[in-house]
Structures are given as C-alpha cells and as structure tokens.
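What follows is a single structure, written as structure tokens, with notes after it.
The values are calculated or read from the model by the stated rules, or taken from the named source; none is laboratory data. Since the model is a prediction, treat every value here as computed from it, not as a measurement. When we count neighbours, we look across all protein chains shown, and the Cβ atoms used for this are built from the backbone with ideal geometry, even at glycine. Remember, those area values only see protein heavy atoms, side chains included, never the ligands or the DNA or RNA. Shrake-Rupley method; radii C 1.70, N 1.55, O 1.52, S 1.80 Å.
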Amino acid sequence: ARHLLGIEPLAPDEITTLLDLAQTYAEDNRAGRTHRDVLADMTQINMYFENSTRTQASFELAGKKLGADVMSIAMQSSSVKKGETLIDTALTLNAMHPDLLVVRHPSSGAVDLLAQKVNAAVLNAGDGRHEHPTQALLDALTIRRAKGRIHRLSVAICGDIAHSRVARSNIMLLGKMENRVRLIGPPTLMPAGIAEFGVEVFDNMEKGLEGVDVVMMLRLQKERMDGGFIPSEREYFHRYGLDRDKLARAKPDAIVMHPGPMNRGVEIDGTIADDINRSVIQTQVEMGVAVRMAAMDLLAQNLRAARAQTAVAAG
Ligand code: CP
C-alpha cells in the first residue's frame with residue numbers, strides 16, 4: 001500500500017507482516033541496536049492539528065532511530081491560525097518534497113483527503129472518531145507478546161466507544177484476526193448499529209468482563225461530546241470504571257490495557273493501572289515506537305519500488 005490510513009483496508013497477512021517486523025524492531029530497541037540506514041534517504045514531516053503525547057513522540061523517535069530527517073510542525077503556531085486550509089497547508093509542504101507525512105487531525109476523513117493531494121506516503125496518526133491504525137497495531141503487538149498469539153482471544157473494549165477511533169481500529173483489527181470482541185459501556189456512548197461489526201455489546205461491566213483475556217479501557221472523550229450528555233465522573237467510575245471487583249470477573253491472567261491519556265479514578269483505578277502483574281500500559285507505549293518504525297520502513301520500501309517503476313517507465 002502507498003499510505004497507512006486505517007486498519008480497514010489491511011489484509012490479515014499484511015497485519016502479521018507488520019507485527020513481525022515491529023517485533024524485530026522492539027527486540028533491537030531493547031538491545032540498543034540501531035538501524036539508521038533504513039530511512040537515511042527520507043524526509044519525514046509530522047503535522048499535529050490535535051494534541052498528542054505518545055503518538056507524536058513515538059513517531060518522531062521512530063523516524064530518528066531509522067535515520068530519517070524528521071521535522072515536526074507545531075500546527076498551533078502555524079499559518080493554519082491565519083486561516084490557511086488543510087489542503088493549502090498540505091500542498092505547501094508537498095512542494096518541499098517530503099517522503100513521509102504523519103498527520104493527526106480532529107476531523108474524521110481529513111487525513112484521507114490530504115493523502116489524495118500529496119506525493120508522500122501518509123500515515124494516519126488519528127483522525128476524529130474514524131481511525132488510529134498505529135494504535136491498534138501497537139495494541140495487537142502488546143497482546144501478542146503477552147498472550148503468545150493475536151487470534152482466538154476474548155477482548156473487552158470498555159467505556160466511551162462512540163467517540164473512540166482507538167476502539168474502531170481495534171474492533172476491525174481484532175475481528176480480521178478472528179478474536180471475539182465485546183464492547184462494554186453506557187448505551188449513550190455506544191454507536192448505533194455497532195453490532196453489525198460482529199461484536200457483542202454489554203452495558204454491564206461485571207457481565208461483559210466474564211472470562212475475557214484482555215481488558216482494554218478507554219477515556220471519556222468529553223472534547224468530542226459536542227454539548228451532549230456527559231456522565232458524572234463519580235457515577236461513571238462506580239458503574240464503568242475498572243476496579244479490583246470488576247477485574248476479578250476476567251480470567252485470572254487477563255491483561256489490562258489503556259491507550260492513554262488516562263484519567264485515573266474515572267475509567268480506571270490508579271492501582272490497577274500501576275499493577276505490573278496485570279497492566280501492560282507501559283509496554284503499549286514501548287511497542288508504539290517499534291510499530292511506527294515498522295510502518296514507516298514498509299511504506300518507504302513501497303515508495304522506493306514505485307519510484308523505481310516510474311523511472312523505468314520514463315525510460
Ligand atoms: N494513544 C494516543 O493516541 O495518545 P496521544 O493522544 O497522547 O498520542
């Protein structure tokens with residue numbers, strides 16, 4: 001593929017190829033082995049139109065570990081503030097001939113639109129409620145390392161499903177790899193028609209968590225609630241926050257995940273988040289670097305192959 005815009009178009013074997021390469025990078029990162037030749041001929045531009053800590057830092061680090069020239073634009077202080085459109089910004093940067101563009105945007109579909117206007121390979125770093133493909137891939141790698149496989153597992157995704165691009169990308173990836181996915185949350189935060197994606201839906205944590213292998217918690221995304229119903233945090237934690245009693249319903253060796261940023265005492269008890277016997281939250285962050293290295297490596301290989309073909313065709 002030319003871009004990484006979402007999990008939706010990926011085939012299971014493409015996911016496995018990327019995870020296998022990311023696994024190699026994860027081991028090499030731990031051992032301090034570097035690969036600065038992989039993107040040595042590439043320029044990577046990172047554009048964040050919405051806040052980020054994990055994704056932004058790990059894409060930047062991934063590019064540097066692979067030897068790319070990396071530039072991050074603080075969109076809050078760019079000419080977007082003077083009224084420049086997304087497309088004009090994209091065309092301006094395109095004229096500087098970047099090879100890889102990493103983009104986060106608050107609007108669903110904005111990254112796909114941008115990808116149609118530029119020559120670079122585009123990586124979606126999260127667009128609105130739509131997709132966050134590298135998050136789902138790093139989650140899959142984390143699960144595979146903890147459970148030894150990424151198929152035939154029972155995975156509960158809990159909380160604000162309606163506003164979550166992380167949930168959407170994970171539902172697609174886990175479904176493609178033949179896992180059982182349960183969605184647990186208040187009916188007001190469950191998207192209409194979601195059962196069509198082959199998932200089971202629960203509004204009760206105790207029932208939904210029964211016997212699952214993986215518990216994935218999500219943040220309440222108040223910034224996307226558009227003045228709609230916002231639950232009280234106390235009531236929400238009581239009914240849907242992950243505490244010891246609720247976690248006891250899952251398998252005894254079930255792992256706990258959270259994509260971050262985390263609101264302790266709202267969707268998760270802080271002691272569970274910090275419990276190194278159950279929580280793999282820090283491993284998720286670590287795998288984020290490896291997965292982003294793998295994604296950029298594979299897209300760069302495709303880019304070089306396409307350019308070589310164009311050169312041959314041009315004679
Ligand atoms: N998980 C995630 O996307 O975190 P950031 O918003 O900090 O990048």
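The Cα trace of segment 1-133 gives Rg and Dmax of 15.0, 46 Å, the first to one decimal, the second as a whole number. Take every Cα pair under 8 Å whose residues are at least 6 apart in sequence, average their separation, divide by the length of the chain, and the relative contact order is 21 percent. Across segment 207-315, the mean sequence separation of Cα contacts (distance under 8 Å, 6 or more residues apart), normalised by length, yields a relative contact order of 29 percent. Here the accessible area of the chain is 51 percent carbon and sulfur, with a 1.4 angstrom probe and all protein chains present.
3J(HN,Hα) along segment 158-172, derived from phi through the Karplus expression 6.51 cos²θ - 1.76 cosθ + 1.60 where θ = phi - 60°, amounts to 10, x, 7, 6, 4, 9, 9, 5, 5, 4, 4, 5, 5, 4, 5 Hz, with x in place of Gly and Pro. Per residue, segment 87-215 exposes 34 Å² of accessible surface when a 1.4 Å probe is rolled over the protein heavy atoms with every protein chain present.
Applying 0.36 nm per residue to the separation of Glu14 and Lys81 and subtracting their alpha-carbon distance, the gain on full extension is 20.3 nm. When the Cα gyration tensor is reduced to axis lengths a ≥ b ≥ c, the ratio a/c stays below 1.5 for segment 162-290, which is therefore classed as rounded. Largest first, the residues Lys117, Lys65 sort by 1.4 Å accessible area into Lys117, Lys65.
Considering only Leu91, Gln116, Ala136, the residue lying farthest towards the positive end of the dipole of segment 58-188 is Ala136, judged by Cα position with unit charges set on Cβ.
Any chance you could give the angle, 0 to 90 degrees and rounded to 10, that helix 281-313 forms with the longest Cα principal axis of the chain? Computed tilt is about 30 degrees.
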